[in-house]
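Input: a single structure, listed below in structure tokens.
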Protein chains: 2
Amino acid sequence: MTGDNSEFSVIDRLFKPLAGLTAEARGLIDDVAVLGAREGYDLVVTTDAMVEGVHFLSTDPLDQVARKLLRVNISDLVAKGADPYGYQLLTAWPKGMAYEGKAAFAAGLRLDQDEFDFDLFGGDTVSTEGPLLLSITAFGHAPVGRALSRAGARAGDHVLVGGFIGDAHLGLRVLRGEFDELSEAHKAHLVQAYRLPQPRDDLAEVVLDHAHASMDVSDGLIADALHMARASEVALVIDLDRVPTSAAARAAIAQGADVTDLITGGDDYQILCTADAAGAEALKAAGFYEIGHCEAGTGEVSVISGGKVIEIEDKGWVHV
Amino acid sequence: MTGDNSEFSVIDRLFKPLAGLTAEARGLIDDVAVLGAREGYDLVVTTDAMVEGVHFLSTDPLDQVARKLLRVNISDLVAKGADPYGYQLLTAWPKGMAYEGKAAFAAGLRLDQDEFDFDLFGGDTVSTEGPLLLSITAFGHAPVGRALSRAGARAGDHVLVGGFIGDAHLGLRVLRGEFDELSEAHKAHLVQAYRLPQPRDDLAEVVLDHAHASMDVSDGLIADALHMARASEVALVIDLDRVPTSAAARAAIAQGADVTDLITGGDDYQILCTADAAGAEALKAAGFYEIGHCEAGTGEVSVISGGKVIEIEDKGWVHV
């Protein structure tokens, strides 16, 4: 597929079809989007950018980069209990980037817009001497006053996570040539987790109904637990032995991956939340795993294993 | 001023004070913003990015770059008749960028947030191997169904512009060493227009009440008139002799600037709108200049001078 690579041609041929027939986008023929108020709902807004060489690899296929970009933003929304609505897109294309790459990127957006019923409303497109940079400001709706925050955890709360931790981090390492002796199926599982996270939109409603605090895990389980602990002014205690891991991750551990890497690596896009005892039961019935509890504190996280506190050296996550 | 240059320190020390006490921002301790619905109003949304070396010069002071970034977004909103509300901010800092530059940038945001009663709601901050990139997704409120579009122009409409055209383009050329014989006052006027455009929030209400189509001029008068003509499916006729210019611009023309450069250069951030005869009178009473009219057509712009059609070679605007 080839085409006129000018800004206006790219907008006309690649982005206008993504704006479809939504009233909000005005067909992208105007320079603003207009969002009507939805009575009884707040608009939940999040911005997440991805930079080539930092948040994705130059070798990652651009349709998958597009889908990951949408998914990390949708993940933020559903972790707050919000219903995904639509987005503004910023693309900063490297000078000389071919039309084909832009078309592949737009094709990926198309796939996941349909998958998550999520529409393009508008945005901007620029060029840069630097690496490819992509950013979305995403919108969702939550019932008035009910969008969850990471600041809502209380001492005595149970701490839960919505799915496997560590797969994406291990997938990145597989792409870099590590864990060569893993089965092809395990490698594929881990790489898929890295390239194409699955936003837990299936869990948004139960989180809205039962969680006190909620966020998605993007910087690593421990780093994000620390964000929650600080915002909530409590202490979170995470039991490493209860953190759910996939069969592929356990196989990687058997081949030398350190289990603490799984909880300090990033890109999980699982929901981390807290709830009281009754809420925790409802969340577990919906598929959550209980991994710890909250105590009185001033923004600490401690990790225990075999009943003892263990030291985690690298609590933050440095991108790629 | 020095400081810990880590992502979290920059957010804590520079951006959290900008989020202030608005409920929407949740003090930036959460990872989403939450915007309550304003009954009777639509949310008008625009995204505009600026890249070092493309949209601003490496030598431009960063506090002024910040102010320009806010202003170009606010300009988009007020041209639609919207009341500026707040924004999401994306910063992509070049690796190794000093804390001082980030602090200057934040200081510029502070100044114009106060000037335009415009609040930071949230955003993302990343690093890049490339040039500095800054992007805002800005929000404003307009009465339900009344936000103006560039698609509303009708045959028979008068075409008006809210202020001087060409100053910013000439200011950029002054910064590059052209027009050396201009007075210091004229040079300062032109450079100021380039570095610090003035969003016409004073004109938002009259535009809302009287315009059929409206947008701000960012790509150059002729290029944006063409956007309006195409979106509205009419022909716009611009009378070059009636396009308002400043004394400084006229002095630059006397020193060799081509008058057609003024209408093809960019960065004016004046409001371009159309209205019927009565609306045009109201707009002129508020300070607008009438510069042409709309005819039946299919998306053309023609320029006349001395009563004759003249050819404009470069209708688009190439950034810096």
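Every read-out reported here was derived from the displayed coordinates using simple, explicitly stated rules and does not represent laboratory data. All figures in this text were calculated on a predicted structure; none of them were measured in a lab. Heads up, the Cβs are rebuilt from the backbone with ideal geometry, glycines too, and the neighbour counts pull from every protein chain shown.
A few comments on the model shown:
- Within segment A:55-122, the proportion of C-alpha pairs whose separation exceeds 18 Å stands at 38%.
- Each Lys and Arg Cβ is given +1 and each Asp and Glu Cβ -1; about its Cα centre, segment B:158-310 then shows a dipole of about 280 debye.
- 24 Å Cα-Cα reach of A:Lys80 towards lysines, excluding residues that sit fewer than 8 places from it in its own chain: A:Lys68, A:Lys284, A:Lys315, B:Lys16
- Sorted fewest first by neighbouring Cβ atoms within 10 angstrom, B:Ile310, B:Ile263 come out as B:Ile310, B:Ile263.
- Other copies of A:Pro94: label-to-label distances in nm, shortest first, labels 7 Å along the beta-carbon direction: 1.7
- Computed magnitude of the charge dipole of segment B:238-309 (debye, nearest 20; Cβ of K, R +1, Cβ of D, E -1): 200
- Peptides A:84-95, B:230-241 ranked from most to least packed by the mean count of surrounding Cβ atoms within 10 Å: A:84-95, B:230-241.
- Remark: relative contact order (segment B:7-143) = 39 percent; criterion is Cα-Cα distance under 8 angstrom and separation of 6 or more residues.
- GNM flexibility winner over chain B from B:Gly287, B:Gly130, B:Gly306 (Cα, springs under 10 Å): B:Gly306
- With a Förster radius of 25 Å applied to the beta-carbon distance between A:Glu184 and A:Lys308, the computed FRET efficiency rounds to 0.10.
- For segment A:11-80, the share of alpha carbon pairs falling in successive 5 Å distance bins from zero is 3, 13, 16, 17, 24, 16, 8, 3, 1 percent.
- Look at the stretch B:38-48: the mean tally of other chain Cβ atoms within 10 Å of its residues' Cβ atoms is 6.
- Nm distances between copies for A:Gly177, ranked from closest, using label points 7 Å along Cα→Cβ: 4.8
- Long-range Cα-Cα pairs in segment B:228-320 (distance over 18 Å), rounded percent: 54
- Calculated label separations, A:Ser6, copies of the chain, 7 Å along the beta-carbon direction, nm: 4.8
- Per-residue HN-Hα couplings for segment B:256-263 [Karplus 6.51, -1.76, 1.60; θ = phi - 60°; Hz; x = Gly/Pro]: x, 5, 8, 4, 6, 4, 5, 8
- Each peptide among A:71-81, B:148-158, B:50-60 gets the average number of other Cβ atoms lying within 10 Å of its residues, and from highest to lowest they stand as A:71-81, B:148-158, B:50-60.
- With viscosity 0.890 mPa s and temperature 25 °C, the Kirkwood radius over alpha carbon pairs of segment A:109-227 converts through Stokes-Einstein to a diffusion coefficient of 139 µm²/s.
- Cα-based radius of gyration of the protein assembly as shown once divided by 2.2 N^0.38 Å, which approximates compact folds: 1.01
- Shielding by partners for peptide A:160-172, expressed as the average number of C-beta atoms from other protein chains within 10 Å of each residue's C-beta, is 0.
- Estimated FRET transfer efficiency when R0 is 41 angstrom, pair B:Ser6-A:Glu205 (beta carbons, to 0.05): 0.65
- Residues considered: A:Leu21, A:Leu190, A:Leu175. Largest GNM mean-square fluctuation over chain A, using C-alpha springs under 10 Å, is found at A:Leu21.
- A cut-off of 5 Å between modelled amide H atoms, ignoring neighbours fewer than 5 places along the same chain, links B:Phe56 with B:Val51.
- Highest-MSF residue in chain B out of B:Asp114, B:Asp83, B:Asp216 [GNM, Cα springs under 10 Å]: B:Asp114
- Two-site FRET efficiency, A:Glu281 against B:Thr59, from Cβ-Cβ distance with R₀ of 56 Å, rounded to 0.05: 0.35
- Simple label model, 7 Å out from Cα along Cβ direction - B:Ala155 to B:Asp258, nm: 3.3
- Among residues of chain A, the one whose Cβ lies closest to the rotation axis carrying chain A onto chain B, together with that distance rounded to whole Å, is A:Gly130, 1.
- Of A:Tyr85, A:Thr128, A:Leu35, farthest towards positive along the dipole that unit charges on Lys, Arg, Asp, Glu beta carbons give segment A:29-128: A:Thr128
- Size-normalised alpha-carbon gyration radius of chain A, reference 2.2 N^0.38 Å: 1.03
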